Amino acid sequence: MATVIIPSLMRDLTGGRDKVSAPGKTVAQVINALEAAYPGVKARVSDGDRLAPGVAVSVDGVVARLGLRAPVKADSVLRFLPVIEGG
């Protein structure tokens with residue numbers, strides 16, 4: 001199962017846990033597994049079939065350009081990151 005590092009602003013959904021495990025072969029599948037275990041996660045990180053505005057995800061330290069379609073390995077580490085925009 002992939003390891004998901006939970007940002008501090010989402011730890012209210014995971015009972016305070018900063019790291020959880022979830023199965024899945026894509027970011028979307030991992031998010032769906034997280035939603036089953038921790039309701040509310042999906043609404044915070046996704047918007048339909050894409051990542052929510054202002055959210056990025058890294059898989060194994062690399063920002064996933066494919067978003068929810070990005071592949072995930074069993075030993076991957078995922079992090080949800082705030083997107084910083086502006087000039």
Could you work out the per residue convex hull volume over the alpha carbons of the chain, in cubic angstrom? 89
Once the in-chain neighbours fewer than 8 apart are removed, the lysines whose Cα is under 18 Å from Lys73 read Lys19, Lys25
Long-range HN-HN contacts of Ala56 with modeled amide H, under 5 Å: Leu81, Val83
Total formal charge among the other residues, if their Cβ is under 12 angstrom from that of Ser76, Lys/Arg +1 and Asp/Glu -1: +1
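Where a number appears in this text, it was derived from the coordinates with a stated rule and is not lab data. Here the structure is a predicted model, which means the values were calculated and not measured. Neighbour counts run over all protein chains shown; Cβ positions are idealised from the backbone, glycine included.
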